[in-house]
Amino acid sequence: MRTTDAFEFRLRFSPVATLQLEESLTLRGLVDEYVEPLRRFVAIATGKAQDLTYLAVELEAESGWFQVFGTAITQEPYESSSDAVRGASSAVSAYEDDLSLLELVSRWRDLEAKHHPLAETYGSMLHAEDQHPRSRFLLLIQALEGMHGAETREQYEDQVKVHTQRRTALLEKLQPLAGESSTEEETGTEILTDADRRFLKKFLMKRPISNLDGALSAMASSLPVNGMDALKKTVLVKGLLSSERAESAPAALRIVRNDLAHGNRGYPSDDLDEVVTLLEQIVRAHALRLLGCPDPVVSRVFGDD
């Protein structure tokens with residue numbers, strides 16, 4: 001650029017969101033109900049943490065704009081560049097996809113208000129760029145497991161009823177054996193002692209076992225693109241499969257989760273990071289699905305245009 005040429009100039013652009021409220025709202029309400037949900041939605045759409053660089057508000061009975069300062073507002077001017085715009089990859093193009101940005105933000109806010117597992121787990125890590133792959137892995141697995149539990153709650157409760165009935169029936173069936181001898185000759189040998197009955201009643205599970213393998217497989221296969229196919233090719237999963245510690249990719253992820261959660265062993269951060277990148281694609285895709293985005297939009301998370 002010829003800075004000494006008075007007839008040459010250049011324009012710079014920044015993304016700005018403007019919200020006009022029909023009713024007044026406190027600053028805290030504005031941030032919680034609109035600003036943060038917008039940041040989180042854009043982070044989900046782009047797969048990148050989003051900084052808030054500037055915030056200004058209009059006040060009732062006051063003229064002009066008032067700039068807001070806070071620890072989460074960087075106050076650093078942002079200028080879009082052609083390289084950054086061309087290199088940006090967003091799964092959502094609201095205008096072209098015929099989607100309302102305000103509706104998408106409102107739906108995310110509703111998920112948070114309902115304490116949806118995905119919103120509470122994945123939502124908490126959207127702006128944390130410096131987290132270790134270990135913690136991100138655990139949070140993403142937790143998000144998928146919690147989301148599966150939320151979406152299959154009724155089915156699981158039906159399983160609980162059946163399990164409870166069978167457990168009660170089994171304990172009642174064993175009750176007559178208490179105090180009986182195994183044979184007429186061995187009158188001092190009880191088939192089922194009081195200690196046996198107490199042990200069964202205490203340790204025979206009151207609820208059916210939830211299967212993490214099945215939850216991860218279901219969450220991956222329920223999307224337009226099955227993210228488990230890519231996970232099978234990662235160094236971490238292939239290593240566990242070849243060592244015969246795991247018989248499937250979901251089982252490998254379960255083993256890694258248990259090892260990390262219980263401190264049994266660690267894994268190379270690069271290997272974890274490779275898996276985390278793919279797990280985050282699955283979680284992002286489900287987030288867009290929950291927000292009502294159509295399958296073509298959801299598929300873009302995996303690079304499927």
- Inspect region 195-207 for any residue being closer than 28 Å to R257 by Cα and either at pLDDT 90 or above or of a type in the set (F, W, Y) (or both) and give the result as yes or no. yes
- Of S24, S90, S14, S80, the only residue that is in contact (Cβ under 8 Å) with a residue 24 or more places away in the chain, under 28 Å from Q142 (Cβ atoms) and of a type outside the set (A, V, I, L, M, F, W, C) is S90
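Yes or no, residue by residue, for (1) in a helix (DSSP H, G or I); (2) touching a residue at least 60 places away in the same chain (Cβ under 8 Å); (3) surrounded by 16 or more Cβ atoms within 10 Å (Cβ to Cβ):
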residue	(1), (2), (3)
L111	yes, yes, yes
E120	yes, no, no
S124	yes, no, no
S135	yes, no, no
L139	yes, no, yes
A143	yes, yes, yes
M147	yes, yes, yes
- Task: Name, by its number, the condition in (1) more than 30 Å from S299 (Cα to Cα); (2) part of a helix (DSSP H, G or I) that does not hold for E22.
- Result: (2)
- Message: in a loop (DSSP other than H, G, I, E, B) and either closer than 30 Å to L102 by Cβ or of a type in the set (S, T, N, Q) (or both): is that true of P296 in this structure?
- Response: no
- Task: Return a yes/no flag: does region 10-24 have any residue that is at pLDDT 80 or above, assigned by TED's automatic domain parsing to the domain that holds R107, out of contact with any Phe, Trp or Tyr (no Cβ under 8 Å at 6 or more places or on another chain) and hydrophobic (A, V, I, L, M, F, W, C).
- Result: no
- Message: For region 231-257, give me the residue count where each residue is part of a helix (DSSP H, G or I), surrounded by fewer than 21 Cβ atoms within 10 Å (Cβ to Cβ) and among the small types (G, A, S).
- Response: 3
- Item | Residue check for N264: surrounded by fewer than 19 Cβ atoms within 10 Å (Cβ to Cβ), assigned to a helix (DSSP H, G or I), of a type in the set (S, T, N, Q) and not assigned by TED's automatic domain parsing to the domain that holds D97 | no
- Do any residues in region 47-75 that are closer than 26 Å to S124 by Cα have Cβ atoms under 6 Å from those of residues that are of a type in the set (D, E), where the two are at least six apart or on different chains, and which pairs are they? A49/E129; T53/E76; T74/D51
- Item | Residue count, region 210-221 (criterion: in contact (Cβ under 8 Å) with a residue 60 or more places away in the chain and either of a type in the set (F, W, Y) or within 23 Å of R300 (Cβ to Cβ) (or both)) | 4
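Could you list, in sequence order, the residues of region 42-88 that are basic (K, R) and part of a helix (DSSP H, G or I)?
The first filter runs over region 42-88 and keeps only residues basic (K, R), leaving 48, 86.
Listed by number, the list holds a single entry, R86.
Is it true that L272 is under 15 Å from the mean Cα position of the chain (by Cα), outside the structural domain of E112 (by TED's automatic domain parsing) and not in a loop (DSSP other than H, G, I, E, B)? Even if it seems obvious, please write down each step before you answer.
Values: under 15 Å from the mean Cα position of the chain (by Cα): no; outside the structural domain of E112 (by TED's automatic domain parsing): yes; not in a loop (DSSP other than H, G, I, E, B): yes.
For L272, the condition - under 15 Å from the mean Cα position of the chain (by Cα), outside the structural domain of E112 (by TED's automatic domain parsing) and not in a loop (DSSP other than H, G, I, E, B) - is not met.
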- Item | Residue that is farthest from D295 (Cα to Cα), among those in region 197-225 that are surrounded by fewer than 15 Cβ atoms within 10 Å (Cβ to Cβ) and polar (S, T, N, Q) | S210
- Say whether the condition of being without any contact (Cβ under 8 Å) to a residue 24 or more places away in the chain, more than 21 Å from L144 (Cα to Cα) and among the β-branched types (V, I, T) is met by at least one residue in region 247-255. no
- If you take the residues of region 50-97 that are farther than 18 Å from L30 by Cα and touching a Lys or Arg at 6+ places or on another chain (Cβ under 6 Å), which of them is surrounded by the fewest Cβ atoms within 10 Å (Cβ to Cβ)? E79
- For Q175, the lone unmet condition from (1) farther than 22 Å from L291 by Cα; (2) at pLDDT 90 or above is (2)
- Query: Which condition number does S106 fail, the rest of (1) modelled with pLDDT of 90 or more; (2) touching a Leu at 6+ places or on another chain (Cβ under 7 Å) being met?
  - Reply: (2)
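The values are calculated or read from the model by the stated rules, or taken from the named source; none is laboratory data. No experiment lies behind these values; they were computed from the predicted model shown. Cβ coordinates were reconstructed from backbone atoms using ideal geometry, including for glycine residues, and neighbour counts include every protein chain displayed.
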